[in-house]
1. Based on this model, can you work out whether PRO24 counts as surrounded by 11 or more Cβ atoms within 10 Å (Cβ to Cβ), at pLDDT below 85, on the phi < 0 side of the Ramachandran plot and within 12 Å of the chain's Cα centre (by Cα)?
2. Just a yes or no: is a residue in region 44-52 farther than 18 Å from SER67 by Cβ and out of contact with any helix residue (DSSP H, G or I) (no Cβ under 7 Å at 6 or more places or on another chain)?
3. MET38 is checked against (1) without any contact (Cβ under 8 Å) to a residue 40 or more places away in the chain; (2) within 21 Å of LEU59 (Cβ to Cβ) and fails just one. What number does that condition carry?
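The values are calculated or read from the model by the stated rules, or taken from the named source; none is laboratory data. From a predicted model like this one, the values you see are computed outputs, not experimental measurements. FYI the Cβ positions are ideal-geometry reconstructions off the backbone, even for glycines, and counts take in every protein chain you see.
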Amino acid sequence: MEQFDTRFQGFKKNTASFNLYSCPFFISINDVPEDMQMECVDLQCASDLKDKFNNFSLLDFYKKYASQKLILEITNMPF
């Protein structure tokens, strides 16, 4: 069990980063890096985007509706 915990400890450390990408409408703003908080607030306040997020796959949502700035910031986050 200890070997398992050691091997996958990076996942626990990066949970907030994974959550920002996989469920940006439900993550707490306090868990988001400061330089991304305003973009996340804007995204969470856009009810039309939230509807699209719920009706499309994650990949299609990001391809069609997410801003380039948000995509670049998420993909450049240190993991």
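1. On the way: surrounded by 11 or more Cβ atoms within 10 Å (Cβ to Cβ): yes; at pLDDT below 85: no; on the phi < 0 side of the Ramachandran plot: yes; within 12 Å of the chain's Cα centre (by Cα): yes.
No; evaluated as a whole, the condition is false for this residue.
2. Initial filter on region 44-52 (farther than 18 Å from SER67 by Cβ): none.
Looking for residues that are farther than 18 Å from SER67 by Cβ and out of contact with any helix residue (DSSP H, G or I) (no Cβ under 7 Å at 6 or more places or on another chain), one finds none in region 44-52, hence no.
3. If we test MET38 against (1) without any contact (Cβ under 8 Å) to a residue 40 or more places away in the chain; (2) within 21 Å of LEU59 (Cβ to Cβ), just (2) comes out false.
Results for (1) outside any helix (DSSP H, G or I); (2) modelled with pLDDT of 90 or more, shown as yes or no for each residue.
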{"site": "ASN19", "(1), (2)": "no, no"}
{"site": "ASN30", "(1), (2)": "no, yes"}
{"site": "ASP35", "(1), (2)": "no, no"}
{"site": "CYS40", "(1), (2)": "no, no"}
{"site": "LEU43", "(1), (2)": "no, no"}
{"site": "LYS52", "(1), (2)": "no, yes"}
{"site": "LYS63", "(1), (2)": "no, no"}
{"site": "PHE79", "(1), (2)": "yes, no"}
